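Engineer: Quick one: this structure, given as structure tokens, is what I'll be asking you about.
The values are calculated or read from the model by the stated rules, or taken from the named source; none is laboratory data. Bear in mind the structure is a predicted one, so any value in this text is a computation, not a measurement. Here the Cβ is made from the backbone with ideal geometry for all residues, glycine too, and neighbour counts use every protein chain on show. Just so you know, the surface numbers come from the protein's heavy atoms only, side chains and all, with ligands and any DNA or RNA stripped out. Shrake-Rupley method; radii C 1.70, N 1.55, O 1.52, S 1.80 Å.
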Amino acid sequence: SMQQERFLDEISLLLVVCELPLLSHTEAFECADSDVTEVLNLLFKWKQKRPKDRRFMLLSGGGMGPAETHVFDAETGLWDVQLILPPMVKPKTHLVEQVDKGVFRTHGQSENGEFNWFNQPLEAEDGDGS
């Protein structure tokens, strides 16, 4: 309805929360490329209507250390982020085993080349301000 469209137009930040990362840092967990592309298409279309005023963030756990992923729309050059939070308790999953073995992709691309992403592990501060 028109009222819903106006309400959505006022939103400046969309937070999408997932159990596991939408854009994976390892080969151990991958969403179907068509699903990832569909979600990113929706988010970037929404953002493109007011690119200076709108942000989205993909937020997930993942059984690995914290990381930040910058995702780019190849057509528009717009970008936003995925944050992966560290687990409170380290689960025993294939994803965790792969990360423990050092299997960590620094970048990825959707099948059709429409979206690219770059991963960067976030280092914990040691608490002394350095």
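Engineer: What about A67, is it open to solvent by less than 30 Å² (accessible area, probe 1.4 Å) and either at pLDDT below 75 or not β-branched (V, I, T) (or both)? Let's see the steps before the verdict.
Structural biologist: Values: open to solvent by less than 30 Å² (accessible area, probe 1.4 Å): yes; either at pLDDT below 75 or not β-branched (V, I, T) (or both): yes.
The answer is yes for A67.
Engineer: When you look at K49, is it modelled with pLDDT of 65 or more, among the charged types (D, E, K, R), over 13 Å from the mean Cα position of the chain (by Cα) and more than 26 Å from S34 (Cα to Cα), yes or no? It would help to see each step written out before you state the result.
Structural biologist: Details: modelled with pLDDT of 65 or more: yes; among the charged types (D, E, K, R): yes; over 13 Å from the mean Cα position of the chain (by Cα): yes; more than 26 Å from S34 (Cα to Cα): no.
No, not satisfied.
Engineer: Sticking with this structure for a sec: Give me the residue from the range 12-36 that is surrounded by fewer than 20 Cβ atoms within 10 Å (Cβ to Cβ) and over 22 Å from W46 (Cβ atoms) and, out of that set, modelled with the lowest pLDDT.
Structural biologist: It comes out as A28.
Engineer: Can I ask one more? Looking at the range 62-75, I want the residues that are closer than 19 Å to V17 by Cβ and polar (S, T, N, Q) and have a partner that is at pLDDT below 95 and not in a strand (DSSP E or B) with Cβ atoms under 6 Å, at least 6 apart or on another chain. Which pairs are those?
Structural biologist: Cβ pairs passing all conditions: T69/L23.
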